[in-house]
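No value in this document is a laboratory result; all are computed from the given coordinates. Computed from a predicted structure; not experimentally measured.
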Amino acid sequence: MTWRATLAVALAACSFRSGPVTPQVVKDSAAAGSAAPARSAPARDSVLALRVARLELRLAERDAQVEDLQTRLNEARQEVVRALAKLQTVASRAEAASAIAEAEIALQALRAATGVQSAGGSDVAQAATLLEQASAEFAKQNYGGALYLANQAKGLAGASRSRLGGADRPPLRPGEVAFAVPVRLLVTARSKLREGPGAAYRVLFTVEPGAGVVGYSYFDQWVRVTDESGRAGWILLNLLGRRVTGAAGR
C-alpha cells in the first residue's frame, strides 16, 4: 500500500470518530399542551359538580312525583269506591252544573298559582281534561258522571294548589321553573337562605346540616324552599341533597 492510500484510510477512520453531539432539547407537545388545561381543571370540576347537583335535584323531583302519583292512586281508588256506592242515586242537573262551575274556578286559581296554562302531564292539564270530560257528560245529560268528573277536577286542582303553597306562594320570576310536585330535600352544609336567587340578596335565616326542606322551584343555581317551620327562602343548589323516604311513604 502506498503512503497516499494509507493516508486516505486514516482520514476515513477519523471521519467516523466524531466528537460527542450535544443533544437538542425537544419539547413534549402533550406535556406542553397540558399546562393550560391543568389551570382550567378547577373550572371543569365546578361545572361537573353543578351538573351532578342538578341531576340529583331532578332525580329527587322524580322520586317526589312517584310518591305523589302513588298517593293520588290511593285517593282515586277511594273515590271510585265512593262513586260506585252512589251509582244508585241520580244527580240533579243543578248539582252537576254547580260542580262544573266550582271546578272551573279551582282550575283558574291553579293556573294563576303555577303560571302554567296547559303543560302536558301537569296537574293543570289533568284537571282541564277532567273538566272537559265533565262538560261532555253534562251535554249528554249524564249528570251523575258530570258531577263525579267535576269533583275529580276540583279536588285535583285544590290539592295541587295546596301543595304549591296556595295563595301565599309568590308568583314565579321570569326564568324560574316550578317543580311538578314539591320536592323533599336535605341541607348538606350550614347554609344561608336568602330573599332571592343570588348572593346579593339579603340573608333571611340560616339552616344547619341535616335540616329538611321542601323545594318548589329553581332559578339557575338557586332553589326556592321552605324549612320545617314554614320559613321560605332561596338556597344554593350544591348545598342540597336528596331526602330518602321510606317505602311506605312515611
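Could you pull out every residue, at least 5 positions away or on a different chain, whose amide H is within less than 5 Å of the one on Leu240? Hs are placed 1.01 Å off N in the peptide plane, and Pro or chain starts have none.
The answer is Thr188.
For the range 149-156, in order, what is each residue's ³J(HN,Hα) by Karplus, 6.51 cos²θ - 1.76 cosθ + 1.60 with θ = phi - 60°, in whole Hz (x at glycine and Pro)?
Couplings: 5, 5, 5, 4, 5, 5, x, 5 Hz.
Would you mind calculating the gained length between Ala112 and Asp45 on full extension (0.36 nm times residue separation, minus the Cα-Cα distance), in nm to one decimal?
Contour length minus the Cα-Cα distance gives 20.2 nm.
Under a 5 Å amide H to amide H cut-off, with H placed in plane at 1.01 Å, what residues pair with Leu204 once short-range neighbours are removed?
Leu193, Arg194, Glu195
Using modelled backbone amide H atoms (1.01 Å from N, in-plane), which distant-in-sequence or interchain residues come within less than 5 Å of Arg184's amide H?
Hits under the 5 Å cutoff: Gly215.
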